[in-house]
Amino acid sequence: MLDHFQVLSKEQMKAETFVIDPGMHGQRYTRLAWFWSLDVNKVDDPYMVEFTRVHWLRAKCKQDRWQEEATILYHEINWTIQWFKNQSRIWLGQMTSSEGSDQQGKRCYAAKQAAMWQKMAENGETAFEAVCSDFLVIRGWK
């Protein structure tokens, strides 16, 4: 009999209220106890069918939330890089508008700022490309 059934641990016997409230945080490492997988192929057991449906829907919701988070993250990083590029363009405009011998300091400062913002944009793109190569959901972001 023990080769079919495993010994129950105390953690498997506690009542988990989060099954009732799927919106609760902190369920990342939660695993189902082994006895929930017994006789799963029994189609005539309405409780097991209902449990499997609820578990599948919860997993589908979690996957959809992560996909949405990946999309939002992609756009936020892209917006940040575009903002850096825009700041560089603004400072380049400041640099070209300060023509004249008496505004050499202003021109140098504007050039320094434009270079800084351009470097930040390049660093952001490089870092984002490295992340995108590791994660399938945000590959091909350009």
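Looking only at the range 78-102, residues that are exposed (fewer than 14 other Cβ atoms within 10 Å of the Cβ) and over 30 Å from residue 129 (Cβ atoms) come to 6 in all.
Going through the range 101-119 one residue at a time, which ones are under 38 Å from the mean Cα position of the chain (by Cα) and not hydroxyl-bearing (Ser, Thr, Tyr)? So that I can check it myself, show each step before the final result.
So the first thing to find is which residues in the range 101-119 are under 38 Å from the mean Cα position of the chain (by Cα), and the list is 109-119.
Across the range 101-119, the qualifying residues are 110, 111, 112, 113, 114, 115, 116, 117, 118, 119.
Where a number appears in this text, it was derived from the coordinates with a stated rule and is not lab data. Bear in mind that the values here come from a model prediction, so they are computed numbers and not experimental data. Because the Cβ atoms are built from the backbone with ideal geometry, glycine has one as well, and the counts that use them run over all protein chains shown.
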